[in-house]
Structures are given as C-alpha cells and as structure tokens.
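Following: one structure in structure tokens, then a few remarks.
The values are calculated or read from the model by the stated rules, or taken from the named source; none is laboratory data. Here the structure is a predicted model, which means the values were calculated and not measured. FYI the Cβ positions are ideal-geometry reconstructions off the backbone, even for glycines, and counts take in every protein chain you see. The area values use the complete protein model at the heavy-atom level, side chains included, leaving out ligands, DNA and RNA. Shrake-Rupley method; radii C 1.70, N 1.55, O 1.52, S 1.80 Å.
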Amino acid sequence: MSSKPSHTAITIMAIVVLSCFVPCTIAQKRRLPPGSHLAVVADERLAALRSTPEPTARLVRRLSRGHFVSIRGASRSRDGLIFYRVVVTRRTSGWLQSEAVIASWRPGDDRRMLRLIGGTDEFDRVARARVFLDSFPHSSLRPQVLLMYGDAAEDAAAKLSREAERRFERRELPTAGAPEFSYYLNYSGLDRYNRQGVIFTFDRAAKKFHYNGAAWREIIQRYPNSAEALEATRRLKS
C-alpha cells in the first residue's frame, strides 16, 4: 500500500486548514458583538457610549464609524432622546443615542443614511457611503449611493493629487531607483481611502490620481435602466 496521501485526502486537509483561517479573518475584520439585532455606527458625532440613558451621563467610550453593536433594549431620556442599551464586546456595554446607528432591519434607515452622506468632506462622504453599501445590499437607493460614492472618490483624487505634488516637490524624489509613479501610488494619503474600498489610478503624464470607477461600472452592470446608469456612463467616458 502506498504511503502517499490521496488527492482526496490532500483536498480535505486543505479545506480544514482554510476553515481555520477564514473565520478568524472575518471575525477580526467585522468584530461582531454577541447577540442579535445588530446595528452599525453611522454618525460618529453622536456615538458616545454612556453609563446611563442620558446625554450628560458618564462616558464609557466613544465608538468609531462602522463599529458594530448589538441592541438589547431602549429607554427615553428626560430630554426625550431615545437611547439604546447596546453590547459592544463581551465586556463592554452601555447606552447609545439611537440616531448614532443604522440597521438593515429598522424601516427607513437606508433613507436616513442617505441623508448623512451629503457634506463637503470627501472622506466622510466616501466612508458613510461605504457603510450604506455594506449595510443595505438590497436597498432601492443603492444606485444613488454608488454614484455618490464614486463622485466623492473622484473629488478626493483631485485633492490628493495636489497634496502629493506639493509633498514630493518639497522632498525631491531620487533620480535613480524606484520609478516616480510608484512613489505616488504609495503615497500615504491614499491609505484611508483604500481601507474604504477605493482604488485610485495614476496618470503619469499629468501626475494626477483618478478613481478607478468600480462603483460607476457596478451601476451600469446591475442597474442598467436607472437614471444613475446614464450618469455613470458619462463619468467613465470623461
């Protein structure tokens, strides 16, 4: 009898090894709290976790945008504000103002999240649009949000181009060694956008970043009959 493992045995071993790593990776990325009725922080300006359901109560910690919480109850403050009792981790819980979070199971939250996306800061628009797209995969408002996401990314590209050019003018790039364009594509200002799923391309001749247009292409592919599809086509052509 041969001592070599069969092809089937090798396949099973590979699946077992992958199953050990994949759940850990997902858990680290999402950091889901225990319990049902999950919600996600959408408005970080209101995301102060407090010891009691009052806006003046002791601060337990401040939650960042995109942080998941598990809702366990609700209470109204003396000022009429609704607070949710939430679990953040197995060891951390408290009270959070209801407007700080959105949830796919709460009616109308997709439209409320849409209103939060507007603003002048490109990164805030990108990050809030990303929360929407992750939280509401079946919302009828997705084409509109995808268009906003792409537009905010292209606005950011123009701003990042100016910032990178000023930075590299002050610090002359070496004439020998790595190509100039690789310095731009490794510019640290791109990092936080990359974590939001935004990928930039680089025009070497003009020394300018551009959004790669993934959100616009998704509109055309998934919602070809929408008004946003026409706008997305125009943006890709330009």
Which residues, taken from the stretch 73-115, are farther than 17 Å from residue 45 by Cα, hydroxyl-bearing (Ser, Thr, Tyr), in a strand (DSSP E or B) and open to solvent by less than 50 Å² (accessible area, probe 1.4 Å)?
75
Among the residues in the stretch 140-151, are any modelled with pLDDT of 95 or more and outside any helix (DSSP H, G or I)?
yes
Just the residues that are of a type in the set (S, T, N, Q) and either farther than 27 Å from residue 183 by Cβ or surrounded by 18 or more Cβ atoms within 10 Å (Cβ to Cβ) (or both), please, taken from the stretch 198-216.
none
Looking only at residues that are open to solvent by 100 Å² or more (accessible area, probe 1.4 Å) and part of a helix (DSSP H, G or I) in the stretch 217-229, which one is farthest from residue 143 (Cα to Cα)?
221
For the list (1) in contact (Cβ under 8 Å) with a residue 24 or more places away in the chain; (2) open to solvent by 70 Å² or more (accessible area, probe 1.4 Å), I need the number of the one condition that residue 34 fails.
(2)
Please work out if residue 193 is under 17 Å from the mean Cα position of the chain (by Cα), touching a residue at least 24 places away in the same chain (Cβ under 8 Å) and surrounded by 14 or more Cβ atoms within 10 Å (Cβ to Cβ).
yes
I want to confirm something. Restricting to the stretch 119-129 and keeping residues that are open to solvent by 40 Å² or more (accessible area, probe 1.4 Å) and out of contact with any helix residue (DSSP H, G or I) (no Cβ under 7 Å at 6 or more places or on another chain), which single residue is nearest to residue 198 (Cα to Cα)?
124
Only one of (1) without any contact (Cβ under 8 Å) to a residue 12 or more places away in the chain; (2) surrounded by 12 or more Cβ atoms within 10 Å (Cβ to Cβ); (3) over 18 Å from residue 211 (Cβ atoms) is not met by residue 139, so which one is it?
(1)
I'm told residue 138 meets every condition in (1) under 23 Å from residue 125 (Cα atoms); (2) touching a helix residue (DSSP H, G or I) at 6+ places or on another chain (Cβ under 8 Å) except one. Can you identify the failing condition by its number?
(2)
Tell me whether the stretch 148-160 contains one or more residues that are open to solvent by 60 Å² or more (accessible area, probe 1.4 Å), out of contact with any Cys (no Cβ under 6 Å at 6 or more places or on another chain) and of a type in the set (Phe, Trp, Tyr).
no
The lone condition residue 127 fails out of (1) assigned to a loop (DSSP other than H, G, I, E, B); (2) within 19 Å of the chain's Cα centre (by Cα) is (1)
Selection within the stretch 57-91 - without any contact (Cβ under 8 Å) to a residue 24 or more places away in the chain and touching an Asp or Glu at 6+ places or on another chain (Cβ under 7 Å):
64
Tally the residues that are buried (at least 16 other Cβ atoms within 10 Å of the Cβ) and either in contact with a strand residue (DSSP E or B) (Cβ under 8 Å, 6 or more places away or on another chain) or not in a loop (DSSP other than H, G, I, E, B) (or both), restricting the search to the stretch 162-188.
3
